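The values are calculated or read from the model by the stated rules, or taken from the named source; none is laboratory data. No experiment lies behind these values; they were computed from the predicted model shown. Note: ideal-geometry Cβ built from the backbone for every residue, glycine included; neighbour counts use all protein chains shown. SASA here: full protein model, heavy atoms, side chains in, ligands and nucleic acids out. Shrake-Rupley method; radii C 1.70, N 1.55, O 1.52, S 1.80 Å.
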Amino acid sequence: LERLYRDAAMWDRLISLMQHHLGLVTDRREQVALEVALGEVWWKELSRVDRAEAIFNHALQLEPESREAVSALGRLYERSGNWNLALDMLRREARIAGAGKDAVDVHVRIGTIFEGMLMDLGGAKEAYGRALQLAPGCLAALRAARGIAEREKDRDRFLELLVEEARYTPDVAEKTRLYTEAGRISQEERDDRDQAARYYEEALKRTPGHPAAAKPLSDIYVAQTRWSDAERVLDAVVEALE
């Protein structure tokens with residue numbers, strides 16, 4: 001019956017029925033799940049944020065370690081722009097999630113609030129760093145942290161994160177672009193030709209003959225009198241053009 005009322009968008013009847021259902025349930029976890037579902041109806045279908053908040057909080061009183069209730073409150077506070085309360089819930093959710101994959105996403109959300117809403121780059125870096133401790137290949141955290149390094153003009157950290165992003169991104173074209181950019185920074189900003197050559201080679205492994213990597217790499221090899229390596233790189237460019 002609840003499903004039918006939901007499908008028919010009969011929200012008042014659905015709420016009344018769910019409240020009756022709650023009165024019949026004795027299992028605490030089932031009570032919490034029902035209250036979270038009830039709060040979602042008040043929030044998302046009837047736009048009654050106040051009622052939803054009260055119900056989610058009651059669910060949390062019933063079960064303080066309920067991931068469902070904590071997550072629901074965190075999402076509600078995020079949507080309503082109550083950033084400090086949202087952070088409280090997200091930190092709590094991250095603690096409950098522990099070292100699981102879900103915790104990574106929570107830390108990224110925490111970082112996004114610190115960075116975009118509170119303008120607190122220190123808090124954002126800490127949150128993204130925690131996400132990367134749990135999942136070194138989390139692209140959302142890598143890109144966000146790299147953006148902060150660029151804003152702070154921390155070129156060493158920027159390059160480090162750029163290379164990590166290149167390592168983990170699954171897209172071949174993006175991997176090629178990132179390794180090529182890492183090579184350019186190593187060559188032009190750090191005057192480290194050996195490191196630049198390694199990054200250019202990584203780019204060419206993914207996209208043989210890629211001109212943006214092949215041309216500077218061949219110049220490096222010519223300057224080092226590594227004629228056979230320079231010839232190999234230029235031959236790959238010609239093959240790619242044919």
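Below 29 Å, Cα to Cα, which lysines can residue 125 reach? Residues fewer than 8 away in the same chain don't count.
Straight-distance partners of residue 125: 101, 153, 175.
Select from 199, 112, 172 the residue farthest towards the positive end of the dipole of the chain; place +1 on Cβ of Lys and Arg, -1 on Cβ of Asp and Glu, and compute about the Cα centre.
It is 112, whose Cα lies furthest towards the positive end.
Divide by every residue of the chain the summed helix terms, -39500 (n - 2.57) for each DSSP H run of at least 4, and state the resulting mean residue ellipticity at 222 nm, rounded to the nearest 500 deg cm²/dmol.
Details: 14 runs with 188 residues, N = 242.
Dividing the helical sum by the residues of the chain leaves -25000 deg cm²/dmol.
With N set to the number of residues, divide the alpha-carbon radius of gyration of the chain by 2.2 N^0.38 Å and report two decimals.
That works out to 1.48 for the chain.
Between residue 82 and residue 173, take the C-beta separation as r, use R0 = 41 Å, and let me know the FRET efficiency to the nearest 0.05.
The calculated FRET efficiency here is 0.50.
For the range 204-218, take each phi angle, set θ = phi - 60°, evaluate the Karplus expression 6.51 cos²θ - 1.76 cosθ + 1.60, and give the result in whole Hz per residue in order, putting x for glycine and proline.
6, 5, 7, 9, x, x, 4, x, 5, 9, 5, 4, x, 5, 5
I need the fraction of alpha carbon pairs in the range 36-157 separated by more than 25 Å, rounded to a whole percent.
Working: 2148 of 7381 pairs.
Taking all Cα-Cα pairs of the range 36-157, the fraction more than 25 Å apart is 29 percent.
Quick one: go through the range 9-33 and flag any residue whose amide nitrogen is under 20 Å from the point 7 Å out along the Cα-to-Cβ line of residue 46.
Zone members listed by number: 9-25, 31-33.
Could you please state how large a percent of the accessible area of the range 1-64 is carbon and sulfur, counting protein chains only and using a 1.4 Å probe? Spell out each step's value before the answer.
On the way: 1900 of 3930 Å².
Solvent-exposed carbon and sulfur of the range 1-64 make up 48 percent of the total.
Using a simple spin-label model with points 7 Å from Cα along the Cα→Cβ vector, what separation in nm is obtained for residue 65 and residue 21?
2.6 nm
At 1.4 Å probe size, with every protein chain present, just tell me what the per residue accessible area of the chain comes to in Å².
Numbers: 13200 Å² over 242 residues.
That works out to 55 Å² for each residue.
Can you tell me the FRET efficiency between residue 58 and residue 119 if r is taken as the Cβ-Cβ distance and R0 is 45 Å, rounded to the nearest 0.05?
On the way: r = 34 Å, r/R0 = 0.75.
About 0.85, to the nearest 0.05.
Please give the direction-averaged projected area of the C-alpha convex hull for the range 126-175, in square nanometres with one decimal.
Working: hull surface 13.1 nm².
Across all orientations, the range 126-175 yields a mean hull projection of 3.3 nm².
Using label points projected 7 Å from each Cα along Cα→Cβ, tell me how many nm separate residue 156 and residue 29, to one decimal.
With each label point 7 Å from Cα toward Cβ, the separation is 5.0 nm.
Work out, in µm²/s and without decimals, the Stokes-Einstein translational diffusion coefficient of the range 58-112 at 10 °C, 1.306 mPa s, Rh from Kirkwood over C-alpha pairs.
Numbers: Rh = 11.0 Å.
D, rounded to a whole number, is 144 µm²/s.
Using alpha carbons only, how many angstrom separate the centre of the range 6-40 from the centre of the range 152-199?
Result: 53 Å between the Cα centres.
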